[in-house]
Amino acid sequence: MSSMKVERDPSGITSLTMNDKNRNVFSRQFVEDFLAALSRVSEDGGTKVLVVKGREDVFCGGAEKQALLDLCDGKAAVIDLVICERLLESPFPVIAAMEGHGIGGGLAMALCCDVVIAARESRYGAVFMNMGFTPGMGCSVLLADLVGPFLASEMLYTGKRFRGSELAARATNINYIVPRKDVVAKAMDVAAQIAEKDIRSIGLLKHALSARKKKLLIEARLQEDLMHRISFSFPETRRNIDEQYPE
């Protein structure tokens with residue numbers, strides 16, 4: 001059974017809810033289900049705007065532990081993970097409705113959306129360095145767009161998880177930081193305003209506004225893949241993942 005639920009509204013608003021029992025982490029099945037759902041929405045037509053939601057407690061938890069250990073063993077390459085690229089390539093704007101925590105790759109998903117709505121109570125962090133390996137999924141470049149360059153550097157170097165309320169006090173570029181109970185409603189309000197527009201013009205604008213991020217993401221992923229090949233080879237990285245990955 002797929003961990004993705006797709007709901008379509010006649011107005012052109014589509015919701016994609018991620019609800020995996022394992023904290024919405026990037027297992028192989030989760031990634032396949034997400035990409036398949038995104039493809040269906042794109043191919044079916046009629047969607048003017050997509051709202052991506054997670055669970056109330058977790059928006060997305062990022063990489064699966066076994067996938068990280070496989071990287072330590074040289075069995076996989078993170079450049080194969082195409083979620084961010086697919087979000088940018090979608091023919092409609094994507095709104096990240098982040099009721100729950102967004103950690104690592106889960107936060108990276110939001111960086112490739114067009115509008116981001118976060119919860120004051122939830123935590124958001126680029127925690128890669130806490131386990132000994134360098135950031136991925138474009139975070140090394142794209143995080144600065146969301147929170148500003150200096151806060152992005154702090155988040156990347158320290159691996160600190162910031163509450164939404166803390167980010168609100170730091171004057172970030174996040175569109176809205178609201179109480180958790182209001183996140184989905186705010187996302188749907190923004191989506192309704194977009195859905196009033198002509199679908200053809202929406203598609204043209206999405207293509208134009210995504211062009212810069214697409215280029216940055218390609219450059220970032222090449223650099224990040226090289227850093228990963230080195231940092232995942234450190235013996236300490238495997239030990240850190242074994243000991244510190246939240247179960």
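The values are calculated or read from the model by the stated rules, or taken from the named source; none is laboratory data. This structure is a prediction, so every number in the text was calculated from the model and none was measured. In this analysis, Cβ positions are derived from the backbone assuming ideal geometry, glycine residues included, and neighbour counts consider all displayed protein chains.
What to note about this one:
- Qualifying residue in the range 185-201 (condition: of a type outside the set (Phe, Trp, Tyr) and within 17 Å of the chain's Cα centre (by Cα)): yes
- Being of a type in the set (Ser, Thr, Tyr) and in contact (Cβ under 8 Å) with a residue 40 or more places away in the chain holds for only one residue in 134, 158, and it is 134.
- Residue in the range 124-146 that is over 12 Å from the mean Cα position of the chain (by Cα), surrounded by 22 or more Cβ atoms within 10 Å (Cβ to Cβ), over 22 Å from residue 228 (Cα atoms) and at pLDDT 95 or above present: no
- Residues in the range 95-107 include none that are surrounded by fewer than 23 Cβ atoms within 10 Å (Cβ to Cβ) and either farther than 19 Å from residue 136 by Cβ or touching a residue at least 60 places away in the same chain (Cβ under 8 Å) (or both).
- For the range 224-243, filtered to residues that are loosely packed, with under 13 Cβ neighbours inside 10 Å and not charged (D, E, K, R), the residue that is farthest from the chain's Cα centre (by Cα) is 235.
- Residues located in the range 168-187, provided they are basic (Lys, Arg) and in contact (Cβ under 8 Å) with a residue 24 or more places away in the chain: 180, 186
- Matching residues in the range 10-42 - criterion: being closer than 23 Å to residue 186 by Cα, over 15 Å from the mean Cα position of the chain (by Cα) and either among the basic types (Lys, Arg) or assigned to a loop (DSSP other than H, G, I, E, B) (or both): 10, 11, 12
- Residue selected from the range 147-175 under the condition aliphatic (A, V, I, L, M) and more than 15 Å from residue 117 (Cβ to Cβ), by the criterion surrounded by the most Cβ atoms within 10 Å (Cβ to Cβ): 155
- Total residues in the range 31-71, condition under 14 Å from residue 20 (Cβ atoms) and surrounded by 22 or more Cβ atoms within 10 Å (Cβ to Cβ): 10
- Test for residue 47: is it polar (S, T, N, Q) and in a loop (DSSP other than H, G, I, E, B): yes
- Checklist (1) under 20 Å from residue 161 (Cβ atoms); (2) assigned to a loop (DSSP other than H, G, I, E, B) applied to residue 109, failing item: (2)
- For the range 81-106, a tally of residues being among the small types (Gly, Ala, Ser), farther than 19 Å from residue 204 by Cβ and part of a loop (DSSP other than H, G, I, E, B) returns 2.
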